[in-house]
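The values are calculated or read from the model by the stated rules, or taken from the named source; none is laboratory data. Here the structure is a predicted model, which is why all the values come from computation and not from measurement. Here Cβ is always computed from backbone atoms with ideal geometry, including for glycine, and neighbour counts include all displayed protein chains.
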Amino acid sequence: MNDITIRAHQLTLRHNDVKVLDSVSLDIPAGAVVGLVGRNGAGKSTLLRCLAGLAAPDSGSASLLGCPSLQLTDPVRERIGYVAQTPDLFEWMTVEEHLFTIGRAYPRWDQQRCLMLAARLDLPLNARVTALSGGDQQKLSVVLALAHDPDVLLFDEPVASLDPMTRREFMRAMFSGARADERTVIISSHILSDLERVVTHVAFIRDGKLQLLDSWDAMLECYRLLPPAIANGPVPPDAVVHTTRGGQRLVDTRRAPALAETGRPPTLDELFVELNS
């Protein structure tokens, strides 16, 4: 996981004089599965759109697989799967027509894999998009993003309308295929319990700024939530990741080894709450 597959450098984007993204920089190594976490309106969707080349930042840059996001070549596009928060589908087509029509654009499209994924997610092949529920439209978008076995996946709330059983099948599908072990994923979701099972890294975003990006293993092993006053003495300033309004401090014990046994590792839900308080 040394090669950088997804990169953003000082991405800034304004809408109506409000910074939707504020100098966001990140490097995602090949094979990483990154959970993108933040409240509604934090900038998650905009960041994913900038990475995918669907939105132009006011300043800064982004790249996928070494190619500038705003100048993605066809060979690079063929290696990317993207699912928007709102499915972008052809209303007059059936599910099966989508699968066959979209497939023609991808040299690596595997029709057998495509139909297997559709069956796994219980998609009705003969139904038109207008007759599909919101959940089934999401399923179709997911299948279209996965059927060509992409190297990079950008998923914006792909499971928001899915029931728990279908979410489980989705997670299995996301990690299936010949390139599954090398696939690099950014997945935005509010269902943090699902993310905990699959992510290698977590990125927290708030008010357009990247608050925190680290490996999930490091967060579990090294992060501790401390009360305002602790018996171990002062905390080194560079060890404090975040201080809540109530005075609690989220500490990275790699920079404060004396606190390694203090408290307990927070869950992803707890990190979300503390970083937004």
Only one of these conditions is not met by Thr267: (1) closer than 21 Å to Leu195 by Cα; (2) without any contact (Cβ under 8 Å) to a residue 12 or more places away in the chain; (3) β-branched (Val, Ile, Thr). Which number is it?
-> (2)
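Here is a yes/no grid of residues against (1) over 18 Å from Leu26 (Cβ atoms); (2) in a helix (DSSP H, G or I); (3) of a type in the set (Phe, Trp, Tyr):
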{"residue": "Val202", "(1), (2), (3)": "no, no, no"}
{"residue": "Leu210", "(1), (2), (3)": "no, no, no"}
{"residue": "Glu221", "(1), (2), (3)": "yes, yes, no"}
{"residue": "Arg224", "(1), (2), (3)": "yes, no, no"}
{"residue": "Val235", "(1), (2), (3)": "yes, no, no"}
{"residue": "Asp238", "(1), (2), (3)": "yes, yes, no"}
{"residue": "Val251", "(1), (2), (3)": "yes, no, no"}
{"residue": "Gly263", "(1), (2), (3)": "yes, no, no"}
Only one residue in Gly41, Gly35 is in the same structural domain as Leu195 (by TED's automatic domain parsing) and crowded, with 17+ Cβ neighbours inside 10 Å. Which one?
-> Gly35
Which residues, counting only those in segment 172-193, are in a helix (DSSP H, G or I) and out of contact with any helix residue (DSSP H, G or I) (no Cβ under 6 Å at 6 or more places or on another chain)?
-> Arg172, Met174, Ala180, Asp181, Glu182, Ser193
Return the only residue of Asp149, Asp163 being at pLDDT below 85, among the acidic types (Asp, Glu), surrounded by fewer than 20 Cβ atoms within 10 Å (Cβ to Cβ) and closer than 21 Å to Val95 by Cα.
-> Asp163
Out of all the residues in segment 254-273, is one or more outside the structural domain of Arg39 (by TED's automatic domain parsing), buried (at least 17 other Cβ atoms within 10 Å of the Cβ), over 17 Å from the mean Cα position of the chain (by Cα) and among the β-branched types (Val, Ile, Thr)?
-> yes
One residue from Gly60, Gly31, Gly66, Gly35 being out of contact with any Pro (no Cβ under 8 Å at 6 or more places or on another chain) and under 25 Å from Pro87 (Cβ atoms) | Gly35
Candidates Leu54, Leu70, Leu48, filtered to the one that is touching a residue at least 40 places away in the same chain (Cβ under 8 Å) and of a type outside the set (D, E, K, R) = Leu48
What about Val251, is it over 30 Å from Arg183 (Cα atoms), crowded, with 17+ Cβ neighbours inside 10 Å and at pLDDT 85 or above?
-> yes
List every residue pair whose Cβ atoms lie under 6 Å apart, where the two residues are 6 or more positions apart in sequence or sit on different chains, the first residue falls within segment 145-165 and is of a type in the set (Gly, Ala, Ser), and the second residue, located anywhere, is part of a strand (DSSP E or B).
-> Ala145/Gly81; Ala145/Val83
In the list Arg179, Arg168, which residue meets the criterion of being surrounded by fewer than 22 Cβ atoms within 10 Å (Cβ to Cβ) and touching a residue at least 24 places away in the same chain (Cβ under 8 Å)?
-> Arg179
Residues located in segment 141-159, provided they are closer than 12 Å to Thr86 by Cα and in a helix (DSSP H, G or I) = Ser141, Val142
Within segment 94-104, identify whether any single residue is under 20 Å from Pro29 (Cβ atoms) and either in a loop (DSSP other than H, G, I, E, B) or among the charged types (D, E, K, R) (or both), and answer yes or no.
-> no
Being over 15 Å from Leu162 (Cα atoms) and under 23 Å from the mean Cα position of the chain (by Cα) is the filter here, so list the residues in segment 85-105 that pass it.
-> Asp88, Leu89
